[in-house]
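Colleague: Pasting a structure below so you can have a look.
The values are calculated or read from the model by the stated rules, or taken from the named source; none is laboratory data. Keep in mind it's a predicted model, so treat the numbers as computed, not measured. Here the Cβ positions follow ideal geometry from the backbone for every residue, glycine too, while neighbour counts run over all protein chains shown.
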Amino acid sequence: MKTACTWLAILLGLYFASSEIYAQNVEYVGSTLYSEVRDTKVVGNYAYCAFFDGLVILNISNPTSPIYVSKCYLPGTAKGLDISGDYAYVADFSYGLRIIDISDPANPVYVGGYDTQGQAMDVDVSGNYAFIADWNSGLEAINISNPANPVFAGAYDTPGTALGISIQGNYAYVADDIMGLQILNISNPANPAFIANFDTAFNARSVFVVGNYAYVAGYVFGLVVLDISNPAVPVCTGAYDTEGDAEDVAVLGDYAYIADFTYGLQIVDISNPYDPEYAGNLDTLGYAYSVFVLGNYSYMAEGTNVQIVDISNEANPVLAGAYNAPSSAYSVFIQGNYAYVGDYSNGLQVINISNPANPGCNGRYDTPGYANGVFVQGNYAYVADDSSGLRIINISNPDNPVSVGSFDTPGYAQDVCIQGDYAFIADRFSGVQIINISNPANPTYTARFDTTGNVYGVYVLGNYAYVADNPVGLLIANISDPAHPVYTGSYDTPGYPQDVFVRDNYAYVADGSAGLHIINVSNPAHPTFVGICDTPDYAREVFVQGDYAYVADDLSGLQIVNISNLANPVLAASFDTPGSAKSVFVSGDYIYIADGFMIMVLSFNSTGIDDNYESPTAFSIPQNYPNPFNAQTTIHYTLPVSSDVSIDIFDITGRKIKTLLSAHQEAGEHEVVWNAKDRASGIYFYRLKAGEYSETEKCILLK
């Protein structure tokens, strides 16, 4: 993950630079509603959990009722962690090793990190070294004697994909996916040496070593037991084929505890390593990714929750308690000091944002459907709840939101906009449903505006409803009489409309793969094209304030478009959030992003420039990174003067398959992300054109 371009320093809580260098003036402020937990370790009364968004600390002194204590945001998608002394060491995928001071569990503090060569999947700390299972780069050893300044010590590139690691004495045992178990001598961390491997047909996902045995979670093959009394000659002594896919394993006494993905916790009696036998199981609620065992409890990281299982009776494990994380933040709406979040399968979440750097959860109401959209007016939140239609929730007490009414629309409610006594529902294949909400306890049907496509977004202003109708484009209806909406006009956008925002005489359409489309609607009967800005990924939602349009651009996070010249909108800044940006809302000085994995608070200084920044003197476009890559890679480039810039992707035949960027940009360092999730493995070329300058580089996509 090292690049020729120096990444901006990460100073969490004070400054967090965008992954796109031209976005130096977008700053991380705060975040909350972390989801997707992948690993858990327990020390004393605390469980330390690796969420995709960072570290979450729980108080588990009462295992039946785990309590949230604190969090520390990290920029990657954390996969694993280890605890040693006062520090948590987190394998933060594309951001390598992250080190957090946990001496005060109520106030974890990021202290340092090291950007490994691959993607950090797991970490095991031994002495002054953190040993990383580093995906396609094998094993990496990091000297952590100074946690604030971890440094590279040595590496060994295993033949497979390093997913898990366990250290015992002078040996590292690496779960190397399809290449089985790799055993390395790490007595000299600067020069790890191959000792042996156990190459089997199973996919080694993780490994737990105790005594003379290595216990391997072998995915579809369940548990595999290896005798490693002689590390140079590992011998398989036994195996147990679990019902599901063994993702992780922990051993305590005579039992192995297996995170068996869709089959929860599987317990295997290993008192006879030559004949492991079934002991018990508990089909937990989520997808079991990892397991940690201490005393009478196992702690299961299960995606949307942490399950605590009482294993005092191995034959009959029972659920003791759980910490339920949010499922997926799909939409966000700001009113006053609160953010109202549509949390897909968990309904409405209410977040106190009076301190944007430390937003806190207040109340929640779990709607019966899937919360796709939310709109707040006065004391009520209106939720577009998919198959459950419209849900109306009283939020006068943010700590205790209460359902007061509902209306089950015929389709699947995607979005909602309120004007006066009416709710306008984007009801997917059932057009726009117009509901009278003058009595929130008894909403009633008023009318329906039919469309020919799937309605994903609706915006109401004055006498008109503006409809994002996929794949038709922008539709406009006169709703001066809500009981009789009348089709007025339309504009066929080139993409797949997801959302629309209207200000003055212009409609801003989040047009899916076609980015941001600007349309003049001063004459609703004849809307006309004004401008377009093709964002890097898939424009989901748009919010306009001042001279900027803020676009939730799915896997490319937040894209900020300068619209001071409506005919020529240009990308001005971006922030690549860890998940998939679904929704964006701007309030005051802050930008709120519903990222799927979290709610993130950002700030944007449109005039901010680093005083120490030195203008480049020449064009350059170094090698993309990573390369080879799987699905997503970053292309850096430098402009010595402001230029009209285009970056195009070509396949090996020379056919242009994608335009990543076409915009006017100022001099400086920039980068753009190519998400190639819809492309086949192979060789591709990317070409930068800036004025008279042109350069082409090769990249390799490996899936």
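Colleague: Just one of SER387, SER406 is surrounded by fewer than 16 Cβ atoms within 10 Å (Cβ to Cβ) and at pLDDT 95 or above; which is it? Lay out the reasoning, then the answer.
Modeller: Working: SER406 fails: surrounded by fewer than 16 Cβ atoms within 10 Å (Cβ to Cβ).
On inspection, the qualifying residue turns out to be SER387.
Colleague: Anything in region 110-129 that is surrounded by fewer than 23 Cβ atoms within 10 Å (Cβ to Cβ) and part of a strand (DSSP E or B)? List them, or say none.
Modeller: Let us first name the residues in region 110-129 that are surrounded by fewer than 23 Cβ atoms within 10 Å (Cβ to Cβ), namely 110-112, 114-115, 117, 125-129.
Residues satisfying the conditions are TYR110, VAL111, GLY112, TYR114, VAL125, SER126, TYR129.
Colleague: Can you give me the number of residues within region 377-388 that are part of a strand (DSSP E or B) and over 16 Å from PRO410 (Cβ atoms)? Walk me through it before giving the result.
Modeller: Applying the first criterion (part of a strand (DSSP E or B)) to region 377-388 yields 377, 380-384, 386.
Checking which are over 16 Å from PRO410 (Cβ atoms) leaves us with 377, 380-383.
Residues meeting the conditions: 5.
Colleague: Then there's this: Filter region 563-580 down to residues that are more than 20 Å from ASN358 (Cα to Cα) and part of a strand (DSSP E or B), then give me how many there are.
Modeller: 5
Colleague: Does at least one position in region 335-343 carry a residue that is without any contact (Cβ under 8 Å) to a residue 12 or more places away in the chain and either of a type in the set (Ser, Thr, Tyr) or under 30 Å from GLU27 (Cα atoms) (or both)? Reasoning before the result, please.
Modeller: Kept after step one, since they are without any contact (Cβ under 8 Å) to a residue 12 or more places away in the chain, are these residues of region 335-343: 336.
Going one step further and asking which of them are either of a type in the set (Ser, Thr, Tyr) or under 30 Å from GLU27 (Cα atoms) (or both), we end up with 336.
Yes - at least one qualifying residue is present in region 335-343.
A quick yes/no check of all residues on (1) within 18 Å of LEU319 (Cα to Cα); (2) touching a residue at least 40 places away in the same chain (Cβ under 8 Å); (3) part of a strand (DSSP E or B); (4) in contact with a Ser or Thr (Cβ under 9 Å, 6 or more places away or on another chain):
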residue	(1), (2), (3), (4)
GLY30	no, yes, yes, no
SER35	no, yes, no, yes
ARG38	no, yes, yes, yes
VAL42	yes, yes, yes, no
LEU58	yes, yes, yes, yes
ASN62	yes, yes, no, no
SER65	yes, yes, no, no
THR77	no, yes, no, yes
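Colleague: Also, quick follow-up: All but one of (1) within 14 Å of ASP537 (Cα to Cα); (2) surrounded by 18 or more Cβ atoms within 10 Å (Cβ to Cβ); (3) polar (S, T, N, Q) hold for SER643; which doesn't?
Modeller: (1)
Colleague: Looking at PRO536, PRO640, PRO626, can you tell me which residue is more than 30 Å from ALA426 (Cβ to Cβ) and touching a strand residue (DSSP E or B) at 6+ places or on another chain (Cβ under 8 Å)? Walk me through it before giving the result.
Modeller: Working: PRO536 fails: more than 30 Å from ALA426 (Cβ to Cβ); PRO640 fails: touching a strand residue (DSSP E or B) at 6+ places or on another chain (Cβ under 8 Å).
Sole residue among the options that is more than 30 Å from ALA426 (Cβ to Cβ) and touching a strand residue (DSSP E or B) at 6+ places or on another chain (Cβ under 8 Å): PRO626.
Colleague: Sort through GLY495, GLY411, GLY457 and tell me the only one that's closer than 21 Å to THR535 by Cβ, in the same structural domain as SER387 (by the TED database) and assigned to a loop (DSSP other than H, G, I, E, B).
Modeller: Details: GLY411 fails: closer than 21 Å to THR535 by Cβ; GLY457 fails: assigned to a loop (DSSP other than H, G, I, E, B).
Criteria check complete, one pass: GLY495.
Colleague: Residue check, ASN185 against (1) polar (S, T, N, Q); (2) in contact with a Phe, Trp or Tyr (Cβ under 7 Å, 6 or more places away or on another chain); (3) surrounded by fewer than 19 Cβ atoms within 10 Å (Cβ to Cβ); (4) modelled with pLDDT under 95, all met but one. Which one?
Modeller: Answer for ASN185: the failing condition is (4).
Colleague: Say we look at region 353-369 and pick out the residues that are of a type outside the set (S, T, N, Q) and free of Cβ contacts under 8 Å to residues at least 40 places away in the same chain; which of these is surrounded by the most Cβ atoms within 10 Å (Cβ to Cβ)? Don't jump to the end; show me each part of the working.
Modeller: Applying the first criterion (of a type outside the set (S, T, N, Q)) to region 353-369 yields 353, 356-357, 359-361, 363-366, 368-369.
The next check asks that each one be free of Cβ contacts under 8 Å to residues at least 40 places away in the same chain; those that pass are 363-366, 368.
On the way: GLY363: 18, ARG364: 18, TYR365: 21, ASP366: 12, PRO368: 14.
Checked region 353-369; the qualifying residue surrounded by the most Cβ atoms within 10 Å (Cβ to Cβ) is TYR365.
Colleague: Follow-up question, since we're still on this one. What residue, of TYR48, TYR89, TYR95, is crowded, with 22+ Cβ neighbours inside 10 Å and in a loop (DSSP other than H, G, I, E, B)?
Modeller: Numbers: TYR48 fails: in a loop (DSSP other than H, G, I, E, B); TYR89 fails: in a loop (DSSP other than H, G, I, E, B).
Just one listed residue meets the conditions, TYR95.
Colleague: Can you name the number of the only condition in (1) more than 23 Å from TYR340 (Cα to Cα); (2) crowded, with 19+ Cβ neighbours inside 10 Å; (3) of a type outside the set (A, V, I, L, M, F, W, C) that ARG448 fails?
Modeller: (2)
Colleague: Also, I was wondering about something else. So, TYR263, is that one farther than 17 Å from ASN197 by Cα and buried (at least 24 other Cβ atoms within 10 Å of the Cβ) or not?
Modeller: On the way: farther than 17 Å from ASN197 by Cα: yes; buried (at least 24 other Cβ atoms within 10 Å of the Cβ): no.
Judged against the criteria, TYR263 is not a match.
Colleague: Sticking with this structure for a sec: For region 130-229, give me every one of the strands (runs of 3 or more DSSP E) that falls completely inside it and has 1 or more residues that are over 22 Å from TYR289 (Cα atoms) and of a type in the set (Asp, Glu). Outline the logic, then answer.
Modeller: Values: elements: 139-143, 151-156, 164-168, 171-175, 181-185, 193-198, 206-210, 213-217, 223-227.
Filter on region 130-229 gives 139-143, 223-227.
Colleague: Residues to consider are ARG364, ARG391; find the one that is assigned to a strand (DSSP E or B) and over 18 Å from PHE424 (Cα atoms).
Modeller: Values: ARG391 fails: over 18 Å from PHE424 (Cα atoms).
Just a single option satisfies the conditions, and that option is ARG364.
Colleague: When you check VAL374 against the structure, is it free of Cβ contacts under 8 Å to residues at least 60 places away in the same chain, in a strand (DSSP E or B) and either surrounded by 22 or more Cβ atoms within 10 Å (Cβ to Cβ) or not assigned by the TED database to the domain that holds GLY579 (or both), yes or no?
Modeller: Values: free of Cβ contacts under 8 Å to residues at least 60 places away in the same chain: yes; in a strand (DSSP E or B): yes; either surrounded by 22 or more Cβ atoms within 10 Å (Cβ to Cβ) or not assigned by the TED database to the domain that holds GLY579 (or both): yes.
Yes.
Colleague: Go through (1) touching a Pro at 6+ places or on another chain (Cβ under 6 Å); (2) crowded, with 24+ Cβ neighbours inside 10 Å one by one and return the number of the condition ALA413 breaks.
Modeller: (1)
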